[in-house]
Amino acid sequence: MSNANANVPEHPMEKLLRMERIPHIWCPTCGIGTALSCFITALEKFDYPLDKVVVVSGIGCTGRVAGYIKLDSFHTTHGRAIPFATGLKLANPELKVVVFSGDGDLAAIGGNHLIHAARRNMDLTVICVNNFIYAMTGGQTAPTTPLTANSSTAPYGNSEPPFNLPLLVGSCGAVYVARWTALHIRRLANSIGEALNKKGFSFIEVIAPCSTLYARRNRLGTGLDLMKFYHDNSEIRHGAPLEELDIGFQQKIIVGKFIDRERPTFLENWNNWLSQKLGDKFVPYGVAPQQMQLRKAG
Ligand SMILES: Cc1ncc(C[n+]2csc(CCOP(=O)(O)OP(=O)(O)O)c2C)c(N)n1
């Protein structure tokens, strides 16, 4: 919807934002909006019909992305964004399906779906905004909360070791894995572009400030202070070994592109396997006939 008031300049991202839903619910200095604008920047350069791009989110602050992006989008139940996206992709393999959700949604309640989608190399792009906490529900400990950090359920500090998300998805088979902070806007947008162009399971972790809950509970200042922290403490190390990507409380954050490899996707494996087993009786699914011939010849 274009802006009805002629005196108000059009928002530069208005084409891809549902302006009728603005103002959004995110707190001032939250990093989710930055992650969303990087995604929009990537989409604007993405050579793919936007009516074939779909966004799926689960529940949580990041989960609200599905409601603000002007594309076909689905706000699904908590932890179920990836199985929902898998169903969409398999029902209509022409779609470019993007899952955009929070660390709790994707790696806690949705953790099982996350690892199996990576293992199967399901053709999805997953953007995970990691604010180290369950923000929407009041700041409980998440599986990404750094050791010793405070949360509403860990008033004496978190004693559980957090997931290293790039290691988790990389070891399960993701073909593209990167991590950036909400400060690295150009690199993040480029990385999202690369992930969108990738065939198979691509995963981008975005470290983002939650000033209302995470920063306040841990006396870290404002969202701006967290951005300054990222500025001073993140180190770009492309190709870093996944085992070295743990994030400690207020410790250095290693960012970069860690994995970019090729592996047959779920559908390619399925088609190749059943073609071998059933021969001409099998009609490959979701693959253009020419592509299928090339694959057989190669
Ligand atoms: C089945 C179910 N369990 C729990 C909840 C409550 N709930 C809503 S959002 C959320 C956590 C979201 O955390 P995260 O994915 O990190 O998103 P954030 O709000 O931090 O962006 C929880 C536990 C729910 N909606 N449904």
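Numbers for the structure displayed
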| read-out | value |
| --- | --- |
| GNM result for the chain, Cα springs below 10 Å: residue of THR265, THR222, THR153 fluctuating most strongly | THR153 |
| Within the accessible area of segment 1-101 (1.4 Å probe), percent carbon and sulfur | 57 percent |
| Global form of segment 1-73, assessed from the alpha-carbon gyration tensor, a/c cut-off 1.5 | oblate |
| Over the chain, relative contact order from alpha-carbon pairs under 8 Å, at least 6 apart, % | 16 percent |
| Within segment 43-84: backbone nitrogen closer than 19 Å to the THR153 label point (7 Å, Cα to C-beta) | 58-63, 77-81 |
| Heavy atoms of ASP51: accessible area, 1.4 Å probe, square angstrom to 10 | 110 Å² |
| Most positive-pole-ward Cα, CYS210, GLN276, ILE236, against dipole of segment 208-277 from beta carbon charges | CYS210 |
| Most mobile of GLU262, GLU243, GLU44 in a GNM of the chain (Cα contacts under 10 Å) | GLU243 |
| Global geometry of segment 1-142, whether rounded, prolate or oblate, following the gyration tensor of its Cα atoms and the 1.5 cut on a/c | oblate |
| Nearest-ten-degree value, helix 111-120 long axis tilted from longest Cα axis of the chain | 30 degrees |
| Pairs from LYS198/LYS228; LYS45/LYS89; LYS15/LYS89 whose Cα-Cα separation, in the structure shown, is over 29 Å | LYS198/LYS228 |
| Top of ASN164, ASN131, ASN150 by mean-square fluctuation, Gaussian network on the chain, Cα under 10 Å | ASN164 |
| Relative compactness, segment 180-298, computed as alpha-carbon Rg over 2.2 N^0.38 Å | 1.56 |
| Mean Cβ count within 10 Å, highest first, over the residues of peptides 211-220, 109-118 | 109-118, 211-220 |
| Shape parameters for the chain, alpha-carbon atoms, Rg then Dmax in Å | 19.7, 65 |
| Accessible area (Å², 1.4 Å probe, nearest 10) - CYS172 | 40 Å² |
| Accessible carbon and sulfur surface of segment 182-292 relative to its total accessible area, %, 1.4 Å | 52 percent |
| Theoretical ellipticity at 222 nm over the chain - DSSP helices of four or more residues, -39500 (n - 2.57) apiece, nearest 500 | -9500 deg cm²/dmol |
| Surface accessible to a 1.4 Å probe, per residue, for the residues of the chain, Å² | 48 Å² |
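The values are calculated or read from the model by the stated rules, or taken from the named source; none is laboratory data. Every value quoted in this text rests on a predicted model; they were computed, and no experiment measured them. Every residue, glycine among them, receives a Cβ derived from its backbone with ideal geometry; neighbour counts consider all protein chains shown. For accessibility, only protein heavy atoms count, side chains too; no ligands or nucleic acids. Shrake-Rupley method; radii C 1.70, N 1.55, O 1.52, S 1.80 Å.
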